[in-house]
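Undergrad: Could you have a look at this structure, given as structure tokens, before my questions?
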Amino acid sequence: MRRTRALAAAATAVAALGLAAPAAVARDGMPPVGPSNIVALPSVIARGAQLTITVDGCPRGGTATSDAFPATTLTPVGGSTAKGTAIIDRHARTGAHSITVHCTGAGRPLTHPNAFTVIGGVRGGLGGSTATGATPTDMAIGGGLIAVAVIGGGVFWMRRRAEKRT
């Protein structure tokens, strides 16, 4: 029983090593060339706000571009990671945007589709309101509701008063 378990464990280890060896030898121990992962935080952002971009596989830095912000420099932060901060354009369209990264010394760029979403701003000071006042329809509905409340209260009061007399 012990020999079977030991043999199974050894076979599993050899199989795992055999599958991993070609991947390790293929790059001759060199780190991957070019960007491999783009992270944009926050993923939902307002116009004019700061977007932090982190890229793996960019040991010498590079440039990040998008239609929502101007070209942004990525600086190395250690290992093979680069980071940069972009300011979202005040006139960027709302919706999803992509980021394309070009690493210094790397041949191929990487694009992350729908990396972040730009949302529209709110109208401050007006409570989000854009109307100038109540329309005649709003006034009619409000007046009708008040009339129903007054009539209903009066009927209730009159019935209670009549019950006390008898």
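Undergrad: Since G78 meets every condition but one in (1) under 14 Å from I38 (Cβ atoms); (2) open to solvent by less than 60 Å² (accessible area, probe 1.4 Å), which condition does it not meet?
TA: Of everything listed in (1) under 14 Å from I38 (Cβ atoms); (2) open to solvent by less than 60 Å² (accessible area, probe 1.4 Å), G78 misses just condition (1).
Undergrad: Which ones in the range 75-98 are aliphatic (A, V, I, L, M) and either touching a Pro at 6+ places or on another chain (Cβ under 9 Å) or in a loop (DSSP other than H, G, I, E, B) (or both)?
TA: A82, A86, I87, I88, A92, A96
The values are calculated or read from the model by the stated rules, or taken from the named source; none is laboratory data. From a predicted model like this one, the values you see are computed outputs, not experimental measurements. Cβ coordinates were reconstructed from backbone atoms using ideal geometry, including for glycine residues, and neighbour counts include every protein chain displayed. In case anyone asks, the SASA skips ligands and DNA or RNA and just uses the protein heavy atoms, side chains included. Shrake-Rupley method; radii C 1.70, N 1.55, O 1.52, S 1.80 Å.
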